[in-house]
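Data block below; observations after.
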Amino acid sequence: MTEELTSTIVHEIIQKRPVAAHKGNFGRVLVIAGNPQFGGAGIMAATAAINAGAGLVTLATDPINFTALHSRTPEAMVIDWHDDAQLALAIEQADVILIGPGLGTDELAVHLVKKTFTTIKTAQKLVVDGSALKVMAENNLVFPLNIFSVATPHQGEWEVLSGIKLSYQDNLSLNNVQRSILNINVLVLKQHHTLIMSELGEFHLGIGGPYMAVGGMGDTLAGIIAAFIAQFPNAIKATEAAVYVHSAIADQMAQHSYIVKPSIIADFLPNYMARIKNNLVEPENPTN
């Protein structure tokens with residue numbers, strides 16, 4: 001039985017920061033994303049991770065995206081994903097690795113996914129999104145063993161990766177079995193009412209709407225998830241909170257916007273999180 005995800009989870013996760021805290025206390029996030037055609041995906045994911053509170057964010061991307069990243073989000077660091085030694089070091093230094101937004105599925109993309117999966121260590125956490133999921137399916141890859149992993153597929157990506165082609169609602173138990181087989185700790189199934197599956201249970205998101213049907217929405221969500229996992233201690237609940245925050249902000253923006261741009265959601269994140277921290281948004285009563 002699925003439960004509705006409400007703002008209660010956000011109030012549980014987002015707390016006031018210690019007075020003496022520094023950037024090292026809030027996690028290092030490495031985003032591996034953005035080929036020459038889809039550079040904006042990596043920039044949106046990295047920007048969302050910074051605005052969601054990650055202490056240090058590095059984008060590994062194609063060099064063609066460097067100037068755009070520096071212009072949009074100067075707070076992010078950047079490395080050339082063609083440099084294997086530099087990439088390996090960045091992976092080793094990260095607390096959370098997000099791979100997939102705008103990655104593509106060519107030979108380089110396959111190499112990047114395989115390198116990430118073989119370099120990552122047990123203490124680190126992994127978020128896999130977008131075309132990295134397609135790379136996994138096409139190359140018969142599974143998530144690394146003993147690594148906390150989050151997958152964020154939309155319906156088409158999940159069908160290819162899991163082999164499940166019927167509606168999510170009719171196959172909750174089957175989806176959960178596939179989640180376990182693929183070594184996924186948290187499965188975020190993006191759809192009209194997004195489903196989140198983990199060992200804590202199954203939750204559906206009742207907020208959000210068609211105003212979110214804009215390119216880059218999933219890239220921004222993935223960046224928020226990575227940042228929340230990096231800075232908050234309970235990774236499963238942090239993922240749930242990130243999913244809720246993403247749509248809650250979109251709901252607010254939709255009151256005066258026909259569509260909601262993902263970059264606007266990223267820009268509004270610090271304000272929304274401050275309102276939660278200061279209890280200016282009342283928690284809802286969860287419903288079953």
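The values are calculated or read from the model by the stated rules, or taken from the named source; none is laboratory data. Keep in mind it's a predicted model, so treat the numbers as computed, not measured. Glycine also receives a Cβ, built like all others from the backbone with ideal geometry; neighbour counts cover every protein chain displayed. What goes into the accessible areas is simple: the full protein's heavy atoms, side chains included, and nothing from ligands, DNA or RNA. Shrake-Rupley method; radii C 1.70, N 1.55, O 1.52, S 1.80 Å.
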Query raised in the report: Once the Cβ-Cβ distance between GLN15 and SER71 is put in as r, and R0 is 35 Å, what FRET efficiency do you end up with, to the nearest 0.05?
Result: 0.60
Query raised in the report: Using r as the Cβ-Cβ distance of ASP267 and VAL160, and R0 as 25 Å, what FRET efficiency do you calculate, to the nearest 0.05?
Result: 0.15
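First measure r as the distance between the Cβ atoms of GLN252 and LEU174, then evaluate 1/(1 + (r/R0)^6) with R0 = 45 Å and state the FRET efficiency to the nearest 0.05. Mind dumping the intermediate values first?
Details: r = 35 Å, r/R0 = 0.78.
Working from the Cβ atoms, E equals 0.80.
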Requested in this report: Please give, to one decimal in nm, the separation of the simple spin-label points placed at ILE181 and GLU199, each 7 Å out from Cα toward the Cβ.
Outcome: 2.1 nm
**Report entry** Accessible-area composition of the stretch 141-288, carbon plus sulfur, in percent [1.4 Å probe]
**Finding:** 53 percent
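Give me the Å³ per residue figure for the convex hull around the C-alpha atoms of the stretch 77-184.
100 Å³
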Requested in this report: Given the peptides 197-206, 95-104, arrange them by the average over their residues of other C-beta atoms within 10 Å, most packed first.
Outcome: 95-104, 197-206
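Can you tell me the length gained on complete extension of the stretch HIS82 to GLU3, counting 0.36 nm per residue apart and subtracting the Cα distance? Write down the numbers at each step before the final one.
Values: separation 79, 0.36 × 79 = 28.44 nm, distance 4.35 nm.
Full-extension gain reported as 24.1 nm.
Filter the chain for me: DSSP H helices, axial length by Cα at least 15 angstrom, mean Kyte-Doolittle hydropathy not below 1.0. List them by residue number. Could you put the intermediate results ahead of the total?
Details: long enough: 39-51 (18 Å, 1.12); 107-119 (18 Å, 0.31); 217-231 (22 Å, 1.38); 235-253 (27 Å, 0.51); 262-277 (22 Å, 0.31).
Span-like helices, by this rule, are 39-51, 217-231.
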Query - Intensity falloff of the stretch 9-97 expressed as log10 I(q)/I(0), Debye formula with alpha-carbon point scatterers, at q = 0.10, 0.22, 0.24 Å⁻¹ - result: -0.27, -1.03, -1.16
**Report entry** Rg in Å to one decimal, and Dmax rounded to a whole Å, for the stretch 136-212 via C-alpha atoms
**Finding:** 12.3, 38
Requested in this report: For LYS237, go through the aspartates and glutamates and keep the ones whose alpha-carbon is under 19 Å away, minus same-chain ones fewer than eight residues off.
Outcome: GLU3, GLU4, GLU12, ASP95, ASP129, GLU199, GLU202, GLU282, GLU284
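May I ask you to compute the full-extension gain from ILE259 to ALA213, defined as 0.36 nm times their residue separation minus their alpha-carbon distance, rounded to one decimal in nm?
Values: separation 46, 0.36 × 46 = 16.56 nm, distance 0.76 nm.
Computed gain between ILE259 and ALA213 is 15.8 nm.
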Report summary line: For GLU138 and LYS277, extending 7 Å from Cα along the Cα-Cβ vector and measuring point to point gives, in nm, a value of 4.2 nm
Report summary line: Counting only DSSP beta bridges with both partners in the chain, the antiparallel fraction in percent, to the nearest 5, comes to 20 percent
